[in-house]
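Notes follow the structure.
Just so it is clear, none of the values below were taken in a lab; they were calculated from the coordinates. For clarity, every value in this text was computed on a predicted model and none was experimentally measured. Positions of Cβ are backbone-derived with ideal geometry, glycine not excepted, and every protein chain shown enters the neighbour counts.
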Amino acid sequence: MSTKEKEPLFSAKNMGTLMGPLGRNNPILVQVLGICSALAVTAKMKPAFVMALSVTVVTAFSNLLISLMRKGIPSRIRIIVQLVVVAALVILVDQVLKAFVYDISKQLSVYVGLIITNCIIMGRLEAFAMGNRPWPSFLDGIGNGLGYGLILLIVAFFRELLGSGTLWGYQVIPQSLYDHGYANNGLMILPPMALIIVGIIIWIHRSRNKELQEK
Amino acid sequence: MKGLRNYLNKIKPNFEKGGKYGKFASTFEAFESFLYVPNTVTKCGAHIRDAMDLKRTMTVVIVALLPALLFGMFNVGYQHNNVALGLTDTTVMQNFWFGFLKVLPIIVVAYVVGLGIEFLFAEIRHEEVNEGFLVSGLLIPMIMPVDCPLWIVAVATAFAVIVGKEMFGGTGMNIFNPALLARAFIFFAYPTAISGNEVWVAGLKNASASGMQLVDGYSGATPLGDAAAAMSSGAQSIDWSMSTTPIDWFYGFIPGSIGETSTLAILIGAFILIWTGVGSWRIMVSCVAGGLAMGGLFNLIGANILMDIPAWYHLIIGGFAFGTVFMATDPVTAAQTNRGKYIYGFLIGVFCVMTRVLNPGYPEGMMLAILFMNAMAPLIDYYVVQGNVKRRLKRAKANA
């Protein structure tokens, strides 16, 4: 690794690192990581969006920091070091949310704190940041955070639309439909439906990417 | 008839691979074999254990369902005209016709939506259309309350077929009984459409708005609803609505889902299923045994009025009989080994009565009990097979 050639910031490889998790390599759809929070915060789009943003920030910066320190971390205690970094970032995010979007922070309740245990973050630290330079690690963190957020928003879109008749808090299903006997789907509010929707997305994803199908 | 056959033979090449309408091969095959007896038997899937074509199995089940369905149609009219309105001059045919007109739209919706989705998936996957939905499409209306809005039936059927069946790979691959899944979907998604006292009798929900003159004090409660109500109001004994007796429950002159009320009609269906060997008597018998055992146990404890309901009452009220005969015995989702079937059926009976008695919030436990045991069936089979392997290995060692 002694070559000092400057790789362009957005080379094809780096773009692949960034964009891969959005599609073919999605952390939720392919590695099935981070499912717990996907079930918990997707009943409405607004909290889902804030959650997605928080996770993206934490994955991106924890990847960056760990990658910067990767040569100095003794491998026996690396998990502890990673956890300290992640925990510090999560507390930062939590304080920012409390300061600026208090309502949503209350809705998300413990799930912001539980970002620490989100498997995507530890997974990316172990699998990518420990062995790559800071800039690609940073991109990888953003990509995975966004890939996670994308699924969260898709799930939240269907759950909020069908379960509450609203999107982003605004009523979208007209009252006249309710007068004609339409009713909100109560199952959409319950967590099991999030799992079923994720399942359907995985189904579609696999049937479009044949190489992911297990034999 | 010969003309039709010739016509089908003439247009058949169009539907073969590369033909003009090659895209619709599955649809053509389905209609051809619907009109004529197919010359093949089922080759693969869950029914490989059976020498019969899947179609014949399905036809037998449909025939077995008919008594309950016909009685259900009559009962819809009877409950509406004679019990709720207190009329005395309606004939059996009038009641039946009233119920027929109420039930037919539900059946049509279930079939159109379900088969539509099945045809669609068959075309996408280039497979033959499977007959599995013929039974599910009739089961779904029979476990609905008569006043269930049609669009809810459509959504639930679509959910059951897509998530319950196609997601797992189609007929024979499903873990859960699709018809019950449709009901469970409504139960959790649109609870007001399927619970409470007012949904089981036609027109009762909008009775005051539409000017129905109800009999004084009529609530439309099912026996299970009465029991749950007595429990939550702290009454000393259960006050059965319209003073029905166990003999009424057995014949089925009570409100309830369309096909589930008459234990007698269901028993006729059970005989057809057992006689033709299509339904498993092991499951039915052990299911009844399980219900009686759990009911008996509760009778011994006797801590509240729900526990004091005589054990055999549970067999003839609610969906116990219907679930035992037509739902638990579904060959795809039940346990496959003989010993496994006893365990599977027994636990369904146990869990059904347990849910009814211990959780008055879910007065009908049969649906949840069967779905739960559907999920457990592979595990039961696994341990039965492993037990068999172990025993035979032991014997082989002893003989060696």
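State the three equivalent ellipsoid semi-axes of chain B, derived from the C-alpha gyration tensor as the square roots of 5 times its eigenvalues, in descending order and whole Å.
Numbers: eigenvalues 278, 187, 59 Å².
One finds semi-axes of 37, 31, 17 Å for chain B.
Can you give the Rg to Rh ratio of chain A, both from alpha-carbon atoms, with Rh computed by the Kirkwood formula? Write out the running numbers ahead of the final one.
Values: Rg = 19.2 Å, Rh = 18.5 Å.
Rounded to two decimals, Rg over Rh is 1.03.
Rounded, prolate or oblate: pick one for segment B:280-393, where a ≥ b ≥ c are the square roots of the eigenvalues of its C-alpha gyration tensor, a/c under 1.5 means rounded, and failing that, prolate if a/b is larger than b/c, else oblate. If you can, show how the numbers build up before the last one.
Numbers: a/c = 2.35, a/b = 1.86, b/c = 1.26.
It is prolate, given that a/c is not under 1.5 and a/b is the larger ratio.
Please tell me which of these pairs span more than 20 angstrom C-alpha to C-alpha: B:Lys55/B:Lys165; B:Lys10/B:Lys55; B:Lys12/B:Lys55; A:Lys46/A:Lys98; A:Lys46/A:Lys106? Spell out each step's value before the answer.
Values: B:Lys55/B:Lys165 18 Å; B:Lys10/B:Lys55 25 Å; B:Lys12/B:Lys55 22 Å; A:Lys46/A:Lys98 15 Å; A:Lys46/A:Lys106 12 Å.
Going by Cα-Cα distance, B:Lys10/B:Lys55; B:Lys12/B:Lys55 fall outside the 20 Å limit.
For a quick protection proxy, order the peptides B:171-182, A:171-182 by their average other-Cβ count within 10 Å, most packed first.
Numbers: B:171-182: 23.6, A:171-182: 11.1.
Top of the packing list down: B:171-182, A:171-182.
Between A:Leu167 and residues 5 or more places away or on another chain, which pairs have amide H atoms under 5 Å apart, with H built 1.01 Å from N, and which residues are they?
Residues meeting the criterion, in which the H sits 1.01 Å from N, are A:Val172.
Given R₀ = 51 Å, FRET efficiency for B:Leu101-B:Ser237 by Cβ-Cβ distance, to 0.05? Can you show the working numbers first?
Numbers: r = 39 Å, r/R0 = 0.76.
About 0.85, to the nearest 0.05.
Normalised by the number of residues in chain B, what is the relative contact order in percent for Cα pairs under 8 Å and 6+ residues apart?
On the way: 620 pairs, mean separation 61.8, N = 400.
This gives 15 percent for chain B.
Within a Cβ distance under 14 Å of A:Trp168, other residues only, what is the Lys/Arg minus Asp/Glu net charge? Numbers along the way, then the final one.
On the way: positive: A:Lys44, A:Lys46, A:Arg159; negative: A:Asp103, A:Glu160.
Net of charged neighbours comes to +1.
Within segment A:38-67, whose backbone N sits under 13 Å from a point 7 Å along Cα→Cβ of A:Tyr111?
Under 13 Å, as judged by backbone N against the label point of A:Tyr111, lie A:38-55 of segment A:38-67.
How many partner chain Cβ atoms sit within 10 Å of a residue's Cβ in peptide B:183-195, on average, as a whole number? Mind dumping the intermediate values first?
Values: counts 0, 1, 3, 3, 2, 8, 11, 5, 3, 2, 2, 0, 0.
Average per residue, whole number: 3.
Over the Cα atoms of segment B:104-232, how large are the radius of gyration and the largest Cα-Cα distance (Dmax), in Å?
Cα radius of gyration and Dmax of segment B:104-232 are 17.2, 59 Å respectively.
Longest exposed-loop-site-free stretch of chain B, with trypsin sites (Lys or Arg not before Pro), DSSP loop and at most 16 other Cβ within 10 Å?
Working: sites that count: B:Lys17, B:Lys20, B:Lys43.
In chain B, the maximal stretch lacking such sites is B:44-400.
So which aspartates and glutamates can A:Lys13 reach, going by Cα to Cα under 13 Å and dropping same-chain residues fewer than 8 places off?
A:Asp140
Using the basic label-point model (7 angstrom from Cα toward the beta carbon), what is the A:Ile73 to A:Thr166 distance in nanometres?
Between A:Ile73 and A:Thr166, the label points sit 4.1 nm apart.
Given a Förster distance of 25 Å, report the FRET efficiency between B:Leu4 and B:Leu66 from their Cβ-Cβ distance, rounded to the nearest 0.05. If you can, show how the numbers build up before the last one.
Details: r = 27 Å, r/R0 = 1.07.
Once the sixth-power term is evaluated, E becomes 0.40.
Place a point 7 Å from the Cα of A:Leu83 along the Cα-to-Cβ direction; which residues of segment A:122-157 have their backbone N under 16 Å from it?
Flagged as within label range: A:122-123, A:125-126.
Where in segment B:364-384 does the amide nitrogen come within less than 19 Å of the point 7 Å from the Cα of B:Phe168, taken along Cα to Cβ?
Once the point is set 7 Å along Cα→Cβ of B:Phe168, B:366-384 turn out to lie under 19 Å by backbone N, inside segment B:364-384.
Inverting the mean 1/r over all pairs of different Cα atoms, compute the Kirkwood radius of segment A:29-138 and quote it in Å. Don't skip to the answer; put the middle values down first.
Numbers: mean 1/r = 0.0698 Å⁻¹.
Result for segment A:29-138 stands at 14.3 Å.
Are there chymotrypsin sites (Phe, Trp or Tyr not before Pro) in segment A:1-76 that DSSP marks as loop and that have at most 12 other Cβ atoms within 10 Å, and which are they?
Values: sites: A:Phe10, A:Phe49, A:Phe61; in loops: A:Phe10.
Loop-located and lightly packed - A:Phe10.
Compute the acute angle (0 to 90°) between the alpha-carbon long axis of helix A:191-208 and the principal axis of greatest extent of the alpha-carbon atoms of chain A; round to the nearest 10°.
Tilt of helix A:191-208: around 60 degrees.
Could you pull out every whole DSSP H run in chain B that spans at least 18 Å of Cα extent along its own axis and averages -1.0 or higher on the Kyte-Doolittle scale?
Working: long enough: B:2-15 (20 Å, -1.08); B:54-78 (36 Å, 1.45); B:92-125 (47 Å, 1.49); B:263-276 (20 Å, 2.36); B:281-301 (30 Å, 1.44); B:338-358 (30 Å, 0.87); B:366-399 (47 Å, 0.26).
Qualifying helices, which must be both long enough and hydrophobic enough, are B:54-78, B:92-125, B:263-276, B:281-301, B:338-358, B:366-399.
Hey, rough spin-label estimate for B:Thr88 and B:Thr192, points 7 angstrom out along Cα→Cβ, what's it come to in nanometres?
Taking the simple label geometry, B:Thr88 and B:Thr192 are separated by 3.8 nm.
Please report Rg (one decimal) and Dmax (integer) in Å for the Cα set of the protein assembly as shown.
Cα radius of gyration and Dmax of the protein assembly as shown are 29.1, 100 Å respectively.
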